Amino acid sequence: MLRGRVYKSLFGGLVISFCSISFAVSAKAAEPKFVSNAGCKCHMSKGCYEGEEYKERLHSNTWEKRLKGTADEDNPECLKCHATAVGAKIKKKFGDKKYLPNVQCEACHGAGEEYEKVKKNYLGKGKDAFKELLKKDPLLARKAQYDAGLIVAGINGTATVKEQCLQCHWESADAKDKCPKTDKVMDYKEYFKKDDHRDEDDIDLVIKKLSDADKKKWADILPKDDMLYLPYKKKH
């Protein structure tokens, strides 16, 4: 009788453990992959304001300028702020890379595999379906991207823009987690102005005209961080 209970207990424990392992593996397999800036080709194309602004900033080549060819080239402590997708799933076309160099778009906006699919084949309706949705219902189009995993600090992310910046920057020389290899500190407001790559698109124009009722309806995709209400920079 006791032996039977022991067997049942052991068997039950094994089943639970096996299920836990299976769930963990399934969850890992379900994680979206990082696609690199190549997956953001529209935003990175010549003449696109967001891409042009990004290319002018150190984020676009911080691994190449700071780590490449140094003893810290593959140092995890350095990579977490000078590279993207460290320890995460990356699309197979990148081979066995353990990270993507530089602070790429997905470093702040999350793995892009799923929201890239939205643009390429929205609801399985083909490559033009999202463009059509964008014209017909721009707010629903933006929500579809957020629902697919796009992260924007200050809107649907868990952090404000400043909190996101402070994950890799510091406002004081004696900050607890400051990189020991630099004395550079961040003036957040000035940094934001310098690295502000927002551009006013058709969706933003629609948002400006929303009624109070519609603002409540679309609250999940509207800015909640005051910094995101600063006037847009003039495009050059």
| task | Please verify whether the stretch 112-127 includes one or more residues that are touching a strand residue (DSSP E or B) at 6+ places or on another chain (Cβ under 9 Å) and within 22 Å of E31 (Cβ to Cβ). | result | yes
| message | Tell me the residue from E73, E77, E113, E64 that is closer than 27 Å to C42 by Cβ and either open to solvent by less than 30 Å² (accessible area, probe 1.4 Å) or without any contact (Cβ under 8 Å) to a residue 12 or more places away in the chain (or both), please. | response | E113
| remark: Filtering the stretch 40-59 for residues that are part of a helix (DSSP H, G or I), under 26 Å from H169 (Cα atoms) and not hydrophobic (A, V, I, L, M, F, W, C) leaves a count of 9
| task | Any chance you could count how many residues in the stretch 118-128 are assigned to a helix (DSSP H, G or I) and surrounded by fewer than 17 Cβ atoms within 10 Å (Cβ to Cβ)? | result | 3
| Which numbered condition E163 misses (of (1) surrounded by 14 or more Cβ atoms within 10 Å (Cβ to Cβ); (2) free of Cβ contacts under 8 Å to residues at least 40 places away in the same chain; (3) under 15 Å from the mean Cα position of the chain (by Cα)) | (1)
| remark: Quick count over the stretch 90-105, residues being within 16 Å of E31 (Cα to Cα) and touching a helix residue (DSSP H, G or I) at 6+ places or on another chain (Cβ under 8 Å), is 2
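Results for (1) closer than 30 Å to G124 by Cα; (2) open to solvent by less than 70 Å² (accessible area, probe 1.4 Å); (3) within 15 Å of the chain's Cα centre (by Cα), shown as yes or no for each residue.
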position	(1), (2), (3)
D147	yes, no, yes
I151	yes, yes, yes
E171	no, no, no
D201	yes, yes, no
K216	yes, no, no
L222	yes, yes, no
D226	no, no, no
P231	no, no, no
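The values are calculated or read from the model by the stated rules, or taken from the named source; none is laboratory data. None of the values given here were measured: they were computed from a predicted structure. Positions of Cβ are generated from backbone atoms using ideal geometry, with glycine treated the same way; all protein chains shown enter the neighbour counts. Heads up: the accessible areas ignore ligands, DNA and RNA and are worked out on the full protein's heavy atoms, side chains in. Shrake-Rupley method; radii C 1.70, N 1.55, O 1.52, S 1.80 Å.
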